[in-house]
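Just below is one structure, and these are the notes that go with it.
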Amino acid sequence: DAGVTQSPTHLIKTRGQQVTLRCSPKSGHDTVSWYQQALGQGPQFIFQYYEEEERQRGNFPDRFSGHQFPNYSSELNVNALLLGDSALYLCASSLAVRPYGYTFGSGTRLTVV
Amino acid sequence: SQKIEQNSEALNIQEGKTATLTCNYTNYSPAYLQWYRQDPGRGPVFLLLIRENEKEKRKERLKVTFDTTLKQSLFHITASQPADSATYLCALPRDSGGGADGLTFGKGTHLIIQP
């Protein structure tokens, strides 16, 4: 049973560009959350998707947007990239109905130059 | 706003001893609290969840306590092994915690178990 799959694993982009990161949740999970983790810091919540709708959002600008597809997979889009967007982007899946441990992917390492 | 504090300094423990990590929080009354383990370059791995009405929870060599009066959780690893060396993250639900809420994480404590 595959866990959470994220792609790509590494990415280098130029300031001002746009990027799309992808996530396939663990089989049976219906909720996908995205986190940003800077070096030496804990993950910061970006947003959560359930039933193809954004259900919760953290303190991130509108440059960060997402989407969830009918098969529960998800994308994170970041527009107008800044140097400060360089980080590890983590996708986590869970079940919506009850508090439960999240399953995280290994992340996408984004470097903005 | 919610604030979670973990000892950001590395914690060095001798193999075989019990490691105890602390998580303190303010401005919040969470319905549950979670602990994760993270290895370098990898995503966090879920370890334990403890609810507000539970004082203690155990899983193999791991034990978590949750004191809602002190607003503190303690995470214990007994009979520690070098393979336990990692960063341990404390996390709380962002809202009331009735369901699968997004999480607020602490910065984590880097645990080093020395042979």
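The magnitude of the dipole of chain B, with charges of +1 and -1 set on the Cβ of Lys/Arg and Asp/Glu and taken from the Cα centre, is near 100 debye. For region B:56-72, the Karplus equation 6.51 cos²θ - 1.76 cosθ + 1.60, evaluated at θ = phi - 60°, returns couplings of 8, 9, 10, 8, 6, 8, 9, 9, 10, 10, 9, 10, 6, 6, 7, 6, 8 Hz by residue, with Gly and Pro reported as x.
Counting only Cβ charges, +1 for Lys and Arg and -1 for Asp and Glu, the dipole size of region A:5-112 around its Cα centre is about 340 debye. With the Cα gyration tensor of region B:3-114 giving a ≥ b ≥ c as the square roots of its eigenvalues, does the rule (a/c under 1.5 for rounded; else a/b larger than b/c for prolate; else oblate) give rounded, prolate or oblate? Prolate is the answer for region B:3-114, as a/c is 1.5 or above and a/b outweighs b/c. Here the gap between B:Lys57 and B:Ile112, fully extended at 0.36 nm per residue and compared with their Cα-Cα distance, gives a gain of 17.5 nm. A 27 angstrom limit on the alpha carbon distance is what I want to check against. Which of A:Lys26/B:Lys17; A:Lys26/B:Lys71; B:Lys17/B:Lys55; B:Lys3/B:Lys55 exceed it? Cα-Cα > 27 Å for A:Lys26/B:Lys17; A:Lys26/B:Lys71; rest within. When Lys and Arg each count +1 and Asp and Glu each count -1, what net charge do the other residues less than 14 Å away from A:Val32, Cβ to Cβ, add up to? Net of charged neighbours comes to -3. For A:Lys13, the residues whose amide H sits under 5 Å from its own are A:Thr111, A:Val112, A:Val113, ignoring neighbours fewer than 5 places away on the same chain, with H placed 1.01 Å from N. For region A:34-50, the Karplus equation 6.51 cos²θ - 1.76 cosθ + 1.60, evaluated at θ = phi - 60°, returns couplings of 10, 10, 10, 10, 7, 4, x, 10, x, x, 10, 5, 9, 6, 10, 10, 8 Hz by residue, with Gly and Pro reported as x.
Need the C-alpha centroid separation for region A:76-94 versus region B:18-45, integer Å. Value for the Cα centre distance between the two parts: 22 Å. Amide H contacts for B:Leu48 (H built 1.01 Å from N in the peptide plane; partners 5 or more residues away or on another chain; cut-off under 5 Å): B:Trp35.
Projecting label points 7 angstrom from Cα along Cα→Cβ for A:Leu82 and A:Ala96 puts them 3.2 nm apart. Based on Cα contacts under 8 Å between residues 6+ apart, chain B shows a relative contact order of 36 percent.
Residue-wise HN-Hα couplings along region A:99-109, as the Karplus relation 6.51 cos²θ - 1.76 cosθ + 1.60 with θ = phi - 60° gives them from phi, are x, 7, x, 7, 9, 9, x, 7, x, 10, 8 Hz; Gly and Pro carry x. Sort region B:53-115 into rounded, prolate or oblate with this rule: let a ≥ b ≥ c be the square roots of the eigenvalues of the Cα gyration tensor; rounded if a/c is under 1.5, and if a/c is not under 1.5, prolate when a/b is larger than b/c, oblate otherwise. Prolate shape, in that a/c is at least 1.5 and a/b is the bigger ratio. Modelled label positions at A:Arg22 and A:Ser7, each set 7 Å beyond Cα in the direction of Cβ, lie 0.4 nm from each other. For B:Thr87, the accessible surface of its heavy atoms amounts to roughly 40 Å² (probe 1.4 Å, protein chains only, rounded to the nearest 10).
Between the residues B:Gly16, B:Leu49, B:Leu70, the greatest Cα displacement towards the positive end of the dipole of the protein assembly as shown, with unit charges on the Cβ of Lys, Arg, Asp and Glu, is found for B:Gly16.
The values are calculated or read from the model by the stated rules, or taken from the named source; none is laboratory data. Computed from a predicted model, the values in this text were never measured in an experiment. When we count neighbours, we look across all protein chains shown, and the Cβ atoms used for this are built from the backbone with ideal geometry, even at glycine. The protein model used for the area step is the full one, side chains on, heavy atoms only, and it has no ligands, DNA or RNA in it. Shrake-Rupley method; radii C 1.70, N 1.55, O 1.52, S 1.80 Å.
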